[in-house]
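The values are calculated or read from the model by the stated rules, or taken from the named source; none is laboratory data. As the structure is a prediction and not an experimental result, all values here were calculated from the model. Neighbour counts run over all protein chains shown; Cβ positions are idealised from the backbone, glycine included. Accessible surface areas use protein heavy atoms only, side chains included; no ligands, DNA or RNA. Shrake-Rupley method; radii C 1.70, N 1.55, O 1.52, S 1.80 Å.
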Amino acid sequence: MIPSLEQIAFAKKLADASAAVIRPFYRSGLAIDDKSDASPVTQADREAELAMRALINAERPQDGIIGEEFGAERDDADWVWVLDPVDGTKAFITGRPLFVTLIGLLYRGVPVLGVVNQPIANERWVGVVGQGCTLNDQPVSVSQISELSRARVGTTGPQYFSDAGRDAFMQFQQGGRFTVYGGDGYQYALVATGGLDVVVEEGLKLHDFAAVAPVVISAGGLMTDWQGQALTRSSSGRVIAAATPEVYQAALNVMSKV
């Protein structure tokens, strides 16, 4: 099912609302709390998600919501919005403009629309599966690099892998041109615009990949789990995003053995 123009416009409205909340908190010295998994969270995360949830409940009350900070509402609906208000909270609280707001839309559990919004740099990727990807309303696409030896590899950090996953990733990345760490959801937007050629990660949650998968795929790339299966609501969070089939297959050959 392809999202309607109304749904795409509404996704952008959610991005506008979250950005308006987040910007005043950036580099403001706001307080930091730790969640139960020891990951940091701030008032900006909470208030931005609340702003988006309020819009959904007011304008699209038939849709479901799954948010990182406040959980699920009506998540058995056909259409479900998946919200990560500040993806890359560590970047946000240290003043690095590499965090993003992730807004995904699922149709019966499958990601079909994604927005990656960077409110400080004013960069907005919108990806609709089957309809292409834009950055600030201009069409973008993945690189055409097909040789792993030329591929720019990304991951948030080796510490986020299991032991077996880290060993496999280290083996894989040795064949690439170079590896960059950091970026969280921003990395996948860079795949969509040709800055990175492959990203491999483990331990992602639905709110981490629901928005970025449509962005990568609609830009001409590939994004699946480590077994080559399409990402859905029930996916494990082990992901490969790549610009070309050749680089994707090189990653899959290694990571699928874990």
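A dipole drawn for the range 21-111 from +1 and -1 charges on Cβ atoms has a positive end, and of A51, V100, I66 the residue lying farthest that way is V100.
Based on Cα contacts under 8 Å between residues 6+ apart, the chain shows a relative contact order of 17 percent. For the range 7-22, the Karplus equation 6.51 cos²θ - 1.76 cosθ + 1.60, evaluated at θ = phi - 60°, returns couplings of 5, 5, 4, 5, 4, 5, 5, 4, 5, 4, 5, 5, 4, 5, 6, 6 Hz by residue, with Gly and Pro reported as x.
Couplings for the range 55-70, taken from phi via the Karplus curve 6.51 cos²θ - 1.76 cosθ + 1.60 with θ = phi - 60°, read 5, 4, 5, 7, 10, 9, x, 7, 8, x, 9, 10, x, 4, 8, 10 Hz in order; Gly and Pro are left as x. The alpha carbon centroids of the range 132-160 and the range 40-74 are separated by 29 Å. Only protein heavy atoms count here; under a 1.4 Å probe, E6 has an accessible surface of about 130 Å².
In the range 135-258, inverting the average of 1/r over every pair of distinct C-alpha atoms gives 13.9 Å as the Kirkwood radius. FRET efficiency for the pair I32 and A72, taken as 1/(1 + (r/R0)^6) with r the Cβ-Cβ distance and R0 = 22 Å, rounds to 0.30.
Here the Karplus curve 6.51 cos²θ - 1.76 cosθ + 1.60, taken at θ = phi - 60°, turns the phi angles of the range 199-212 into couplings of 10, 10, 8, 9, x, 6, 9, 3, 5, 7, 10, 4, 8, 7 Hz, with x standing for Gly and Pro.
Identify which of S141, S234, S18 has the largest mean-square fluctuation in a Gaussian network model of the chain, with springs joining Cα atoms closer than 10 Å. Sorting by GNM fluctuation, first place goes to S234. Based on the Kirkwood approach, the hydrodynamic radius assigned to the chain is 18.0 Å, with every pair of different Cα atoms included.
For the residues D16, D87, D45, a GNM of the chain with alpha-carbon springs under 10 Å puts the largest fluctuation on D16.
Taking the Cα centre of the chain as origin and assigning +1 to Lys and Arg Cβ atoms and -1 to Asp and Glu Cβ atoms, the resulting dipole is close to 500 debye. Contact order for the range 1-100, expressed relative to its length and based on alpha carbon pairs under 8 Å spaced 6+ residues apart, stands at 23 percent. Charge dipole of the range 1-104 (Cα centre as origin; +1 on each Lys and Arg Cβ, -1 on each Asp and Glu Cβ, all else neutral): 520 debye, rounded to the nearest 20. Estimated from the Cβ-Cβ distance and a Förster radius of 22 angstrom, the FRET efficiency linking N136 and E59 is about 0.40. Run the accessible area of the range 179-258 with a 1.4 Å probe and give the carbon-and-sulfur part as a rounded percent. C and S atoms contribute 51 percent here. Across the range 204-258, Cα pairs under 8 Å and at least six residues apart give a relative contact order of 36 percent. Surface analysis of the chain yields an accessible area of 41 Å² per residue, using protein heavy atoms and a 1.4 Å probe.
Neighbours of G64 by Cβ distance under 10 Å: Lys/Arg scored +1, Asp/Glu scored -1, total -3. Only Cα pairs within less than 10 Å get springs; with that Gaussian network setup on the chain, which residue of L105, L30, L148 has the largest fluctuation? Greatest mean-square fluctuation among the candidates belongs to L30. Note down the net charge around E147, summing +1 for each Lys or Arg and -1 for each Asp or Glu among other residues with Cβ under 13 Å from its Cβ. Here the count lands on +1. I'd like the distance between the alpha-carbon centres of the range 179-258 and the range 91-130, rounded to an integer number of Å. Value for the Cα centre distance between the two parts: 14 Å.
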